[in-house]
1. If we count other beta carbons within 10 Å of each Cβ, what is the order of 24, 1, fewest first?
2. Multiply the residue separation of residue 32 and residue 59 by 0.36 nm, subtract the distance between their alpha-carbon atoms, and state the gained length in nm to one decimal.
3. Evaluate the distance, in nm, between pseudo-label points positioned 7 Å from the Cα of residue 6 and of residue 52 along their respective Cα→Cβ axes.
4. What ranking do 32, 7 get, fewest neighbouring Cβ atoms within 10 angstrom at the top?
5. What length, rounded to one decimal in nm, is gained on full extension from residue 42 through to residue 13, with 0.36 nm per residue of separation minus their alpha-carbon distance?
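Taken together, the values in this text are just the output of simple stated rules run on the coordinates, not laboratory data. Model, not experiment: these values are computed from the prediction. Backbone-built Cβ (ideal geometry, glycine too); neighbour counts: all protein chains shown.
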């Protein structure tokens, strides 16, 4: 197997390089963007090389046996959870802190916000047609 791999390795390397070349324009634009945002001390080529190495490391995981503990990359370790997921977890654990709700308090309507007072108290009977004024 190792002899076969050694024979095929140059061809495999060419195909891997072709894949990276396909995505290189994205890496280059992102690296230039980082340099523009952070400053001139950032080397775009070094960022691209690190990104390519990181891609290869992640691709190695496709062929892992799953028994080894694979250390995660530093930027993937502390991924913040969405607020909704955190709220759901707190609710499941029975958190004593009440969940804050967004939106209007109950009992208020859009009509009151627009300055039409008393509109909510006046109700139409179902059988009465609504008379509206305006151009026809």
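1. So the ranking, lowest neighbour count to highest, is 1, 24.
2. In short, 7.2 nm is gained.
3. Distance between label points: 2.6 nm.
4. On the way: 32 14, 7 9.
Ranking 32, 7 by Cβ neighbours within 10 Å, fewest first, gives 7, 32.
5. 7.6 nm
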